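These notes concern the structure reproduced below.
The values are calculated or read from the model by the stated rules, or taken from the named source; none is laboratory data. All values reported here derive from a predicted model rather than from experimental measurement. Using ideal geometry, Cβ is built from the backbone for each residue, glycine included, and neighbour counts are taken over all protein chains shown. Side chains included, ligands, DNA and RNA excluded: accessible areas come from the protein's heavy atoms. Shrake-Rupley method; radii C 1.70, N 1.55, O 1.52, S 1.80 Å.
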Amino acid sequence: MSGPGRLPFQLPLATAVALPGSTLGAAAYLGVEAFHPPAPVAALIFGAAVVGAAFILSWAAEAAQVDINAGLALALLALLAVLPEYAVDFVFTLQCGAAYSEQGGGNPEVCSLALANMTGANRVLVGVGWPLVVIVATLAVWKARRSTGSTGDGQTASTRSGEVRLAPAMSVEVAFLGMATLYSLTLPLKSTLTLWDSLVFVGLFVAYGWRLAQVQHTEPDLLGVSEWVGKQDTKPRRTWVVAMFAGAALMILFTAEHFAESLVATGDELGISKFLLVQWVAPLASESPELIVAALYAWRLKAADSFGTLLSSKVNQWTLLVGGLPVVFGLSALTTNGLPLDTEQRYELLITAAQSLFAVALLIDLRITFKGALALVTLFMVQFLVSVFGTAEANRVTIVVLSCVYVTLAVGRFAKRRRDLVGVLRDGTVRPLDELADEPV
(Lines give C-alpha, C1' and ligand atoms only; values in the text may rest on other atoms or scores of the structure.)
Protein backbone atom coordinates (compact mmCIF):
# COMPACT_ATOMS: atom_id res chain seq x y z
CA MET A 1 0.00 0.00 0.00
CA SER A 2 1.37 3.39 -0.98
CA GLY A 3 2.03 6.09 1.59
CA PRO A 4 -0.62 8.56 2.71
CA GLY A 5 0.81 11.56 0.84
CA ARG A 6 -0.23 15.11 1.70
CA LEU A 7 -3.11 15.95 3.99
CA PRO A 8 -6.17 16.58 1.76
CA PHE A 9 -7.39 20.17 1.90
CA GLN A 10 -10.96 19.06 2.68
CA LEU A 11 -10.14 18.24 6.31
CA PRO A 12 -8.74 21.66 7.29
CA LEU A 13 -11.51 23.27 5.21
CA ALA A 14 -14.23 21.41 7.12
CA THR A 15 -12.51 22.31 10.39
CA ALA A 16 -12.36 25.98 9.40
CA VAL A 17 -16.06 25.94 8.49
CA ALA A 18 -16.96 24.43 11.87
CA LEU A 19 -14.61 26.59 13.94
CA PRO A 20 -16.63 29.86 14.26
CA GLY A 21 -19.79 28.14 15.45
CA SER A 22 -17.87 25.74 17.69
CA THR A 23 -15.97 28.63 19.26
CA LEU A 24 -19.14 30.61 19.97
CA GLY A 25 -20.81 27.51 21.35
CA ALA A 26 -17.87 26.61 23.55
CA ALA A 27 -17.70 30.16 24.89
CA ALA A 28 -21.38 30.05 25.82
CA TYR A 29 -20.91 26.61 27.38
CA LEU A 30 -18.09 27.96 29.55
CA GLY A 31 -20.05 31.07 30.47
CA VAL A 32 -17.69 33.42 28.63
CA GLU A 33 -19.16 36.59 27.10
CA ALA A 34 -18.96 36.34 23.32
CA PHE A 35 -20.35 37.87 20.16
CA HIS A 36 -24.12 37.35 19.80
CA PRO A 37 -25.14 37.57 16.13
CA PRO A 38 -28.77 38.01 15.00
CA ALA A 39 -30.76 34.79 14.93
CA PRO A 40 -30.64 34.21 11.14
CA VAL A 41 -26.86 34.79 11.11
CA ALA A 42 -26.44 32.56 14.15
CA ALA A 43 -28.43 29.82 12.39
CA LEU A 44 -26.02 30.01 9.45
CA ILE A 45 -22.92 30.00 11.67
CA PHE A 46 -24.04 27.11 13.85
CA GLY A 47 -25.52 25.26 10.87
CA ALA A 48 -22.18 25.52 9.06
CA ALA A 49 -20.48 24.09 12.15
CA VAL A 50 -22.85 21.13 12.13
CA VAL A 51 -22.12 20.53 8.43
CA GLY A 52 -18.34 20.72 8.96
CA ALA A 53 -18.48 18.39 11.95
CA ALA A 54 -20.68 15.95 10.04
CA PHE A 55 -18.11 15.76 7.24
CA ILE A 56 -15.34 15.02 9.75
CA LEU A 57 -17.46 12.32 11.41
CA SER A 58 -18.19 10.74 8.06
CA TRP A 59 -14.50 10.59 7.08
CA ALA A 60 -13.49 9.17 10.47
CA ALA A 61 -16.16 6.48 10.33
CA GLU A 62 -15.11 5.48 6.82
CA ALA A 63 -11.45 5.25 7.84
CA ALA A 64 -12.44 3.12 10.85
CA GLN A 65 -13.50 0.39 8.41
CA VAL A 66 -9.81 -0.50 8.02
CA ASP A 67 -9.69 -1.81 11.58
CA ILE A 68 -13.13 -3.23 12.35
CA ASN A 69 -15.71 -5.65 11.02
CA ALA A 70 -17.21 -4.52 7.70
CA GLY A 71 -20.82 -4.83 8.82
CA LEU A 72 -20.22 -3.06 12.11
CA ALA A 73 -18.20 -0.42 10.27
CA LEU A 74 -21.19 0.26 8.03
CA ALA A 75 -23.47 0.55 11.06
CA LEU A 76 -20.94 2.77 12.84
CA LEU A 77 -20.61 5.00 9.80
CA ALA A 78 -24.37 5.30 9.55
CA LEU A 79 -24.76 5.91 13.29
CA LEU A 80 -22.15 8.65 13.41
CA ALA A 81 -23.39 10.21 10.19
CA VAL A 82 -26.78 10.80 11.84
CA LEU A 83 -25.27 12.03 15.13
CA PRO A 84 -26.21 15.65 14.28
CA GLU A 85 -29.87 14.56 13.96
CA TYR A 86 -29.63 12.85 17.34
CA ALA A 87 -28.15 15.98 18.89
CA VAL A 88 -30.79 18.37 17.52
CA ASP A 89 -33.68 16.02 18.33
CA PHE A 90 -32.42 15.39 21.83
CA VAL A 91 -32.11 19.16 22.45
CA PHE A 92 -35.80 19.67 21.67
CA THR A 93 -36.76 16.55 23.62
CA LEU A 94 -34.86 17.79 26.68
CA GLN A 95 -36.63 21.15 26.39
CA CYS A 96 -39.95 19.33 26.02
CA GLY A 97 -39.28 17.30 29.16
CA ALA A 98 -38.32 20.38 31.16
CA ALA A 99 -41.45 22.26 30.04
CA TYR A 100 -43.62 19.20 30.74
CA SER A 101 -42.23 19.00 34.27
CA GLU A 102 -42.74 22.72 34.92
CA GLN A 103 -46.35 22.62 33.72
CA GLY A 104 -47.10 19.43 35.58
CA GLY A 105 -48.08 17.52 32.45
CA GLY A 106 -49.91 18.35 29.27
CA ASN A 107 -48.33 18.96 25.88
CA PRO A 108 -46.08 22.06 25.90
CA GLU A 109 -45.62 23.85 22.58
CA VAL A 110 -41.94 22.95 22.37
CA CYS A 111 -42.89 19.26 22.30
CA SER A 112 -44.24 19.75 18.80
CA LEU A 113 -40.63 20.25 17.69
CA ALA A 114 -39.32 17.08 19.37
CA LEU A 115 -40.18 14.85 16.42
CA ALA A 116 -39.97 17.46 13.66
CA ASN A 117 -36.28 16.97 12.92
CA MET A 118 -36.53 13.18 13.13
CA THR A 119 -39.45 12.85 10.72
CA GLY A 120 -37.95 15.43 8.36
CA ALA A 121 -34.53 13.76 8.38
CA ASN A 122 -36.05 10.35 7.67
CA ARG A 123 -38.06 11.62 4.73
CA VAL A 124 -35.16 13.65 3.29
CA LEU A 125 -32.89 10.61 3.50
CA VAL A 126 -35.34 8.36 1.61
CA GLY A 127 -36.99 10.95 -0.62
CA VAL A 128 -33.81 12.77 -1.67
CA GLY A 129 -30.77 10.70 -0.65
CA TRP A 130 -31.79 7.36 -2.09
CA PRO A 131 -32.88 8.76 -5.47
CA LEU A 132 -29.71 10.89 -5.60
CA VAL A 133 -27.51 7.78 -5.50
CA VAL A 134 -29.50 6.09 -8.28
CA ILE A 135 -29.51 9.20 -10.48
CA VAL A 136 -25.78 9.87 -10.03
CA ALA A 137 -24.96 6.19 -10.63
CA THR A 138 -27.02 6.21 -13.82
CA LEU A 139 -25.23 9.33 -15.07
CA ALA A 140 -21.86 7.78 -14.20
CA VAL A 141 -22.63 4.64 -16.21
CA TRP A 142 -23.85 6.76 -19.12
CA LYS A 143 -20.64 8.82 -18.98
CA ALA A 144 -18.49 5.68 -18.88
CA ARG A 145 -20.29 4.30 -21.91
CA ARG A 146 -19.83 7.54 -23.82
CA SER A 147 -16.12 7.72 -23.05
CA THR A 148 -15.14 4.06 -23.45
CA GLY A 149 -17.87 2.55 -25.55
CA SER A 150 -18.68 0.15 -22.70
CA THR A 151 -19.92 0.31 -19.12
CA GLY A 152 -16.42 1.29 -17.99
CA ASP A 153 -13.61 -0.59 -16.28
CA GLY A 154 -14.66 0.67 -12.87
CA GLN A 155 -18.21 -0.60 -13.11
CA THR A 156 -19.25 -3.37 -10.75
CA ALA A 157 -22.18 -5.73 -11.05
CA SER A 158 -24.01 -3.61 -8.49
CA THR A 159 -24.00 -0.45 -10.62
CA ARG A 160 -25.90 -0.62 -13.87
CA SER A 161 -27.68 1.87 -16.03
CA GLY A 162 -31.01 2.71 -14.44
CA GLU A 163 -30.63 0.71 -11.23
CA VAL A 164 -28.50 -0.05 -8.19
CA ARG A 165 -28.22 -3.64 -7.00
CA LEU A 166 -27.46 -4.42 -3.38
CA ALA A 167 -25.26 -7.20 -2.09
CA PRO A 168 -27.20 -10.18 -0.65
CA ALA A 169 -25.82 -9.33 2.80
CA MET A 170 -27.83 -6.09 2.67
CA SER A 171 -30.88 -8.26 3.33
CA VAL A 172 -30.07 -7.56 6.98
CA GLU A 173 -30.76 -3.84 6.59
CA VAL A 174 -33.90 -4.38 4.53
CA ALA A 175 -35.30 -6.97 6.96
CA PHE A 176 -34.73 -4.89 10.10
CA LEU A 177 -35.98 -1.71 8.44
CA GLY A 178 -39.10 -3.63 7.48
CA MET A 179 -39.68 -4.83 11.05
CA ALA A 180 -39.16 -1.34 12.49
CA THR A 181 -41.47 0.13 9.86
CA LEU A 182 -44.28 -2.32 10.60
CA TYR A 183 -44.16 -1.36 14.27
CA SER A 184 -43.91 2.35 13.43
CA LEU A 185 -47.28 2.15 11.66
CA THR A 186 -48.85 1.93 15.13
CA LEU A 187 -47.34 5.23 16.30
CA PRO A 188 -49.84 7.58 14.57
CA LEU A 189 -52.60 5.87 16.59
CA LYS A 190 -51.00 6.84 19.92
CA SER A 191 -51.09 10.00 22.02
CA THR A 192 -47.62 9.39 23.48
CA LEU A 193 -44.35 7.79 22.46
CA THR A 194 -43.73 5.47 25.40
CA LEU A 195 -40.87 3.61 27.03
CA TRP A 196 -42.38 0.42 25.65
CA ASP A 197 -41.86 1.86 22.17
CA SER A 198 -38.26 2.57 23.18
CA LEU A 199 -37.81 -1.03 24.25
CA VAL A 200 -39.07 -2.30 20.89
CA PHE A 201 -37.03 0.09 18.73
CA VAL A 202 -33.81 -0.16 20.74
CA GLY A 203 -34.23 -3.93 20.88
CA LEU A 204 -34.44 -4.02 17.09
CA PHE A 205 -31.30 -1.89 16.85
CA VAL A 206 -29.39 -4.19 19.23
CA ALA A 207 -30.47 -7.25 17.25
CA TYR A 208 -29.45 -5.48 14.04
CA GLY A 209 -26.01 -4.70 15.46
CA TRP A 210 -25.56 -8.28 16.69
CA ARG A 211 -26.47 -9.57 13.24
CA LEU A 212 -23.97 -7.25 11.54
CA ALA A 213 -21.22 -8.40 13.88
CA GLN A 214 -21.27 -11.69 11.98
CA VAL A 215 -20.15 -10.06 8.73
CA GLN A 216 -16.56 -10.92 7.79
CA HIS A 217 -13.96 -8.17 7.58
CA THR A 218 -13.18 -6.91 4.07
CA GLU A 219 -10.80 -4.28 2.77
CA PRO A 220 -12.75 -1.01 2.36
CA ASP A 221 -12.64 1.17 -0.74
CA LEU A 222 -11.93 4.66 0.62
CA LEU A 223 -11.93 8.08 -0.97
CA GLY A 224 -10.37 11.48 -0.20
CA VAL A 225 -9.76 12.25 3.47
CA SER A 226 -10.83 8.78 4.64
CA GLU A 227 -8.38 7.22 2.16
CA TRP A 228 -5.55 9.44 3.44
CA VAL A 229 -6.28 8.45 7.05
CA GLY A 230 -6.74 4.79 6.12
CA LYS A 231 -3.28 4.65 4.50
CA GLN A 232 -1.52 5.75 7.68
CA ASP A 233 0.36 3.19 9.74
CA THR A 234 -1.71 1.52 12.44
CA LYS A 235 -0.92 3.79 15.40
CA PRO A 236 -1.19 7.17 13.60
CA ARG A 237 -4.30 5.96 11.74
CA ARG A 238 -6.09 5.09 14.95
CA THR A 239 -4.93 8.34 16.52
CA TRP A 240 -6.35 10.31 13.59
CA VAL A 241 -9.64 8.40 13.74
CA VAL A 242 -10.07 8.93 17.49
CA ALA A 243 -9.07 12.60 17.22
CA MET A 244 -11.52 13.22 14.38
CA PHE A 245 -14.32 11.44 16.25
CA ALA A 246 -13.64 13.38 19.46
CA GLY A 247 -13.20 16.73 17.73
CA ALA A 248 -16.34 16.43 15.65
CA ALA A 249 -18.36 15.19 18.62
CA LEU A 250 -17.27 18.22 20.66
CA MET A 251 -18.18 20.53 17.78
CA ILE A 252 -21.67 19.05 17.66
CA LEU A 253 -21.98 19.18 21.47
CA PHE A 254 -21.10 22.89 21.49
CA THR A 255 -23.30 23.85 18.54
CA ALA A 256 -26.39 21.58 18.40
CA GLU A 257 -28.39 23.40 21.08
CA HIS A 258 -27.52 26.83 19.67
CA PHE A 259 -28.37 25.71 16.15
CA ALA A 260 -31.77 24.46 17.33
CA GLU A 261 -32.48 27.63 19.32
CA SER A 262 -31.37 29.93 16.51
CA LEU A 263 -33.70 28.15 14.07
CA VAL A 264 -36.63 28.74 16.43
CA ALA A 265 -35.59 32.37 16.98
CA THR A 266 -35.24 32.86 13.21
CA GLY A 267 -38.79 31.63 12.74
CA ASP A 268 -40.03 34.12 15.35
CA GLU A 269 -38.11 37.04 13.81
CA LEU A 270 -38.97 36.34 10.17
CA GLY A 271 -42.49 35.04 10.69
CA ILE A 272 -41.58 31.61 9.30
CA SER A 273 -43.00 28.42 10.78
CA LYS A 274 -40.60 27.11 13.43
CA PHE A 275 -41.82 23.60 12.74
CA LEU A 276 -40.88 23.84 9.06
CA LEU A 277 -37.43 25.24 9.83
CA VAL A 278 -36.72 22.46 12.29
CA GLN A 279 -38.21 19.79 10.05
CA TRP A 280 -36.51 20.72 6.78
CA VAL A 281 -33.59 23.14 7.28
CA ALA A 282 -31.91 21.28 10.14
CA PRO A 283 -31.97 17.87 8.36
CA LEU A 284 -30.72 19.38 5.10
CA ALA A 285 -27.75 20.83 6.99
CA SER A 286 -26.91 17.67 8.91
CA GLU A 287 -27.66 15.22 6.08
CA SER A 288 -25.76 17.11 3.36
CA PRO A 289 -22.27 15.67 4.07
CA GLU A 290 -23.58 12.11 4.03
CA LEU A 291 -25.46 12.74 0.78
CA ILE A 292 -22.44 14.38 -0.86
CA VAL A 293 -20.15 11.48 0.11
CA ALA A 294 -22.74 8.99 -1.15
CA ALA A 295 -23.00 10.84 -4.46
CA LEU A 296 -19.19 10.81 -4.85
CA TYR A 297 -19.08 7.05 -4.36
CA ALA A 298 -21.95 6.59 -6.80
CA TRP A 299 -20.04 8.67 -9.37
CA ARG A 300 -17.14 6.23 -8.97
CA LEU A 301 -19.58 3.40 -9.79
CA LYS A 302 -19.61 2.27 -6.16
CA ALA A 303 -23.31 2.99 -5.78
CA ALA A 304 -24.09 -0.17 -3.80
CA ASP A 305 -21.61 0.88 -1.11
CA SER A 306 -22.96 4.42 -0.85
CA PHE A 307 -26.57 3.26 -0.98
CA GLY A 308 -25.80 0.72 1.73
CA THR A 309 -24.59 3.51 4.00
CA LEU A 310 -27.78 5.52 3.45
CA LEU A 311 -29.89 2.42 4.03
CA SER A 312 -28.07 1.72 7.27
CA SER A 313 -28.58 5.35 8.31
CA LYS A 314 -32.31 4.90 7.78
CA VAL A 315 -32.27 1.81 10.01
CA ASN A 316 -30.41 3.80 12.68
CA GLN A 317 -32.85 6.71 12.52
CA TRP A 318 -35.92 4.49 12.50
CA THR A 319 -34.79 2.37 15.46
CA LEU A 320 -32.28 3.92 17.85
CA LEU A 321 -33.21 7.58 17.27
CA VAL A 322 -36.95 7.03 17.63
CA GLY A 323 -36.40 4.71 20.56
CA GLY A 324 -34.10 7.16 22.31
CA LEU A 325 -36.58 10.05 22.39
CA PRO A 326 -38.91 8.70 25.13
CA VAL A 327 -35.86 7.84 27.25
CA VAL A 328 -34.44 11.36 26.94
CA PHE A 329 -37.88 12.83 27.64
CA GLY A 330 -38.37 10.65 30.71
CA LEU A 331 -34.98 11.59 32.14
CA SER A 332 -35.49 15.31 31.58
CA ALA A 333 -39.08 15.33 32.91
CA LEU A 334 -38.37 12.78 35.66
CA THR A 335 -41.43 10.77 34.62
CA THR A 336 -42.32 7.39 33.18
CA ASN A 337 -45.03 8.97 31.06
CA GLY A 338 -44.49 8.93 27.32
CA LEU A 339 -43.40 11.80 25.07
CA PRO A 340 -46.69 13.58 24.22
CA LEU A 341 -47.76 13.59 20.58
CA ASP A 342 -50.09 16.24 19.19
CA THR A 343 -52.22 15.89 16.07
CA GLU A 344 -49.61 17.36 13.74
CA GLN A 345 -46.94 14.98 15.01
CA ARG A 346 -49.20 12.00 14.43
CA TYR A 347 -49.75 13.11 10.84
CA GLU A 348 -45.99 13.45 10.37
CA LEU A 349 -45.39 10.01 11.84
CA LEU A 350 -48.06 8.59 9.53
CA ILE A 351 -46.47 9.78 6.30
CA THR A 352 -42.95 8.96 7.50
CA ALA A 353 -43.97 5.38 8.33
CA ALA A 354 -45.90 5.04 5.04
CA GLN A 355 -42.93 6.31 3.03
CA SER A 356 -40.67 3.86 4.86
CA LEU A 357 -43.01 0.97 4.02
CA PHE A 358 -42.92 1.89 0.32
CA ALA A 359 -39.12 2.20 0.48
CA VAL A 360 -38.82 -1.32 1.93
CA ALA A 361 -41.14 -2.62 -0.79
CA LEU A 362 -38.92 -1.09 -3.48
CA LEU A 363 -35.88 -2.89 -2.02
CA ILE A 364 -37.54 -6.26 -1.50
CA ASP A 365 -35.66 -7.71 -4.48
CA LEU A 366 -32.41 -6.03 -3.32
CA ARG A 367 -32.32 -3.44 -6.07
CA ILE A 368 -33.72 0.00 -6.67
CA THR A 369 -34.50 1.13 -10.19
CA PHE A 370 -34.54 4.59 -11.70
CA LYS A 371 -38.34 4.33 -11.87
CA GLY A 372 -38.54 3.54 -8.15
CA ALA A 373 -36.16 6.38 -7.31
CA LEU A 374 -38.26 8.76 -9.40
CA ALA A 375 -41.39 7.68 -7.52
CA LEU A 376 -39.70 8.33 -4.18
CA VAL A 377 -38.48 11.82 -5.04
CA THR A 378 -41.73 12.83 -6.76
CA LEU A 379 -43.97 11.81 -3.88
CA PHE A 380 -41.58 13.44 -1.41
CA MET A 381 -41.52 16.73 -3.33
CA VAL A 382 -45.31 16.88 -3.52
CA GLN A 383 -45.68 16.80 0.25
CA PHE A 384 -42.63 19.00 0.81
CA LEU A 385 -43.99 21.76 -1.45
CA VAL A 386 -47.47 21.58 0.08
CA SER A 387 -46.01 21.76 3.61
CA VAL A 388 -44.00 24.86 2.71
CA PHE A 389 -46.48 26.76 0.52
CA GLY A 390 -49.87 25.29 1.38
CA THR A 391 -52.20 25.69 4.33
CA ALA A 392 -52.16 23.43 7.35
CA GLU A 393 -55.42 21.83 6.21
CA ALA A 394 -54.07 21.24 2.70
CA ASN A 395 -50.97 19.65 4.20
CA ARG A 396 -53.07 17.28 6.31
CA VAL A 397 -55.13 16.20 3.32
CA THR A 398 -51.95 15.71 1.27
CA ILE A 399 -50.39 13.62 4.02
CA VAL A 400 -53.42 11.33 4.23
CA VAL A 401 -53.67 10.96 0.44
CA LEU A 402 -49.94 10.32 -0.04
CA SER A 403 -49.86 7.90 2.89
CA CYS A 404 -52.63 5.90 1.21
CA VAL A 405 -50.65 5.99 -2.05
CA TYR A 406 -47.46 4.83 -0.32
CA VAL A 407 -49.22 1.96 1.48
CA THR A 408 -51.19 0.87 -1.60
CA LEU A 409 -48.06 0.78 -3.76
CA ALA A 410 -46.16 -1.07 -1.03
CA VAL A 411 -48.84 -3.72 -0.50
CA GLY A 412 -49.10 -4.24 -4.25
CA ARG A 413 -45.37 -4.74 -4.60
CA PHE A 414 -45.17 -7.07 -1.58
CA ALA A 415 -47.93 -9.18 -3.10
CA LYS A 416 -46.16 -9.26 -6.45
CA ARG A 417 -42.79 -10.11 -4.88
CA ARG A 418 -43.96 -12.61 -2.26
CA ARG A 419 -41.02 -14.93 -2.77
CA ASP A 420 -38.53 -12.08 -2.50
CA LEU A 421 -40.22 -10.95 0.72
CA VAL A 422 -39.82 -14.39 2.30
CA GLY A 423 -36.24 -14.65 1.03
CA VAL A 424 -35.18 -11.26 2.41
CA LEU A 425 -36.67 -12.01 5.83
CA ARG A 426 -34.91 -15.39 5.93
CA ASP A 427 -31.59 -14.07 4.67
CA GLY A 428 -31.70 -10.98 6.84
CA THR A 429 -32.45 -12.72 10.12
CA VAL A 430 -31.32 -16.36 10.22
CA ARG A 431 -29.21 -17.37 7.23
CA PRO A 432 -25.41 -17.44 7.86
CA LEU A 433 -23.92 -14.25 6.46
CA ASP A 434 -20.82 -15.99 5.13
CA GLU A 435 -23.14 -17.82 2.72
CA LEU A 436 -24.63 -14.53 1.57
CA ALA A 437 -21.16 -13.05 1.10
CA ASP A 438 -20.36 -15.77 -1.44
CA GLU A 439 -23.45 -15.07 -3.53
CA PRO A 440 -23.11 -12.83 -6.60
CA VAL A 441 -24.80 -9.43 -6.67
Check your understanding: Per-residue HN-Hα couplings for the stretch 343-357, Karplus 6.51 cos²θ - 1.76 cosθ + 1.60 at θ = phi - 60°, whole Hz, x for Gly and Pro?
Key -> 4, 4, 5, 5, 4, 5, 5, 4, 6, 5, 5, 5, 4, 5, 5
**Study point:** Convex hull volume per residue in cubic angstrom - Cα atoms of the stretch 296-339
**Key:** 61 Å³
Check your understanding: At q = 0.12, 0.23 Å⁻¹, what base-10 log of I(q)/I(0) does the Debye formula yield for the stretch 289-365 when every alpha carbon is treated as an equal point scatterer in vacuo?
Key -> -0.52, -1.10
Exercise for review: Whole number please: convex hull volume per residue, Cα atoms of the stretch 329-441, in Å³.
Suggested key: 165 Å³
Review point. Ignoring ligands, DNA and RNA, how do His36, His258 rank by accessible area with a 1.4 Å probe, largest first?
Key: His36, His258
Review point. How much mean residue ellipticity at 222 nm does the chain get from its helices, if each DSSP H run of length 4 or more adds -39500 (n - 2.57) and you divide by all residues, to the nearest 500 deg cm²/dmol?
Key: -23500 deg cm²/dmol
Point to revise | Segments 7-15, 305-313 sorted - mean Cβ within 10 Å per residue, highest first | key: 305-313, 7-15
Check your understanding: How big is the accessible area of Ser273 in square angstrom, nearest 10, if you roll a 1.4 angstrom probe over the protein chains?
Key -> 50 Å²
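So how do Asp434, Asp197, Asp67 rank on accessible area, 1.4 Å probe, biggest first, that is with the largest at the start? Working shown, then result.
Details: Asp434 75, Asp197 0, Asp67 55 Å².
From most exposed to least exposed: Asp434, Asp67, Asp197.
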Check your understanding: What shape does the chain have by the C-alpha gyration tensor, where a ≥ b ≥ c are the square roots of the eigenvalues, rounded means a/c under 1.5, and otherwise prolate means a/b greater than b/c and oblate the rest?
Key -> oblate
Review point. If we count every other residue with Cβ under 14 angstrom of Ala265's Cβ, Lys/Arg +1 and Asp/Glu -1, where does the sum land?
Key: -3
Check your understanding: Roughly to the nearest percent, how much of the accessible area of the stretch 289-441 is carbon and sulfur, given a 1.4 Å probe?
Key -> 66 percent
Practice item. Write down the accessible area per residue of the stretch 353-441 in Å², having rolled a 1.4 Å probe over the full set of protein chains. Key: 51 Å²
Review point. Under a no-solvent Debye model with one identical scatterer per Cα of the stretch 159-293, what's log10 I(q)/I(0) at q = 0.16 Å⁻¹?
Key: -1.35
Check your understanding: Tell me, what is the percent relative contact order of the chain, built from C-alpha pairs under 8 Å that lie six or more residues apart?
Key -> 32 percent
Check your understanding: What pairs in Lys274/Lys302; Lys190/Lys314; Lys314/Lys371 have C-alpha atoms more than 29 Å from each other?
Key -> Lys274/Lys302
Review point. How many angstrom separate the Cα center of the stretch 160-214 from the Cα center of the stretch 276-342?
Key: 13 Å
